[in-house]
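The values are calculated or read from the model by the stated rules, or taken from the named source; none is laboratory data. These figures come from a predicted structure and were not determined experimentally. Virtual Cβ from ideal backbone geometry, glycine too; neighbours counted across all protein chains shown.
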Amino acid sequence: MTLKQLEESTAYLKHKGFDAPELGIVLGTGLGKLVAEIENPIEAHYNHIPFFPLATVEFHTGKLIYGTLEGKKVVVMQGRFHMYEGYDLIDVTYPIRVMHQLGIKNLFISNAAGAVNLNFKKGDIMLIEDHINLQGGSPLAFKNVAEFGDRFVDMSEPYDLKMRKKVEAIAKRENISLQKGVYASVVGPQLETKAEYRMIKLIGADAVGMSTVPEVIAANHLRLPVMAVSVLTDECDPDNLKPVNIAEIIAIAGETEPKMIKLFKELIKEI
Ligand code: HPA
């Protein structure tokens, strides 16, 4: 990755009318409906943006959408890049750097995740307070990383505390039950074995998924405040594990989505 590539990606988007967005939003699997609420949308398909990785998984539509949401200029990623699609972590986080280059001041992230904390139920929303990177790599492990920010990035509070407090207050006010916890990221695409779910719980995670952590690391590298939520789509009980049902995971994400959209929209008003 070079600064010149980032500048070319950004110039393409600016030329299309992506004018000074204040906020970036990443929408996870089964969580694309917020897009319908964007006013005066301008779309850019990932495969048209110079130097962008190509979208592959069929249920990810793969585009950046610029427009207005709750009176604020936003840029939304509908569909993201995952390590399990064969991308390296520098590609996975490239769009975050592009949105930063476009001028965003805050980043919201969503994902679908499995609940390993069995007090949490499918259909719950979990505010991510911290994470464990189990992807075996870093989006900052490249030669010229220091050209883009610090090489040794502090991760003592990777999820912005101010936004977390606001999300908690909004959830209370709007009667949305909100769990809080630690998200562990794995590579995937295979789901976890019983033994792996046991381990993930044992090391201190409440939820597990295949995304978000690289994006959050890149955001911290950019000193970009980030807020992230998981929509819990399955209960990962190693003592009673049922075969995975991807259609159900996507369906649960879709059913829970309105609560997530409400949280996001209220938070947009407050930042
Ligand atoms: N593991 C990993 N990723 C997931 C899961 C899971 O159980 N559920 C939804 N995404």
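A few remarks follow.
- Counting only strands (runs of 3 or more DSSP E) wholly contained in the stretch 68-133, the ones carrying 1 or more residues that are touching a residue at least 40 places away in the same chain (Cβ under 8 Å), out of contact with any Ser or Thr (no Cβ under 8 Å at 6 or more places or on another chain) and acidic (Asp, Glu) occupy 125-133.
- Any hit, the stretch 148-166, residues being over 21 Å from Val226 (Cα atoms) and at pLDDT 95 or above: no
- Counting only residues that are within 16 Å of the ligand (Cβ to nearest atom) and either of a type in the set (Val, Ile, Thr) or assigned to a helix (DSSP H, G or I) (or both), the stretch 245-271 holds 13 of them.
- If you check Arg151, Arg80 for being within 15 Å of the chain's Cα centre (by Cα) and among the basic types (Lys, Arg), only one passes: Arg80.
- Selection from the stretch 24-47 of residues that are more than 17 Å from Thr93 (Cα to Cα) and in a helix (DSSP H, G or I): Lys33, Leu34, Val35, Ala36, Glu37
- When the stretch 103-122 is filtered for residues that are aromatic (Phe, Trp, Tyr) and within 13 Å of the ligand (Cβ to nearest atom), only Phe120 remains.
- Single residue of the stretch 41-84 satisfying the filter (at pLDDT 90 or above and of a type in the set (D, E, K, R)) that is surrounded by the most Cβ atoms within 10 Å (Cβ to Cβ): Arg80
- Looking only at residues in the stretch 186-230 that are without any contact (Cβ under 8 Å) to a residue 40 or more places away in the chain and more than 12 Å from the ligand (Cβ to nearest atom), the one that is surrounded by the most Cβ atoms within 10 Å (Cβ to Cβ) is Met199.
- For Thr233: the one exception among (1) touching a Phe, Trp or Tyr at 6+ places or on another chain (Cβ under 9 Å); (2) touching a residue at least 12 places away in the same chain (Cβ under 8 Å); (3) of a type in the set (S, T, N, Q); (4) within 12 Å of the ligand (Cβ to nearest atom): (1)
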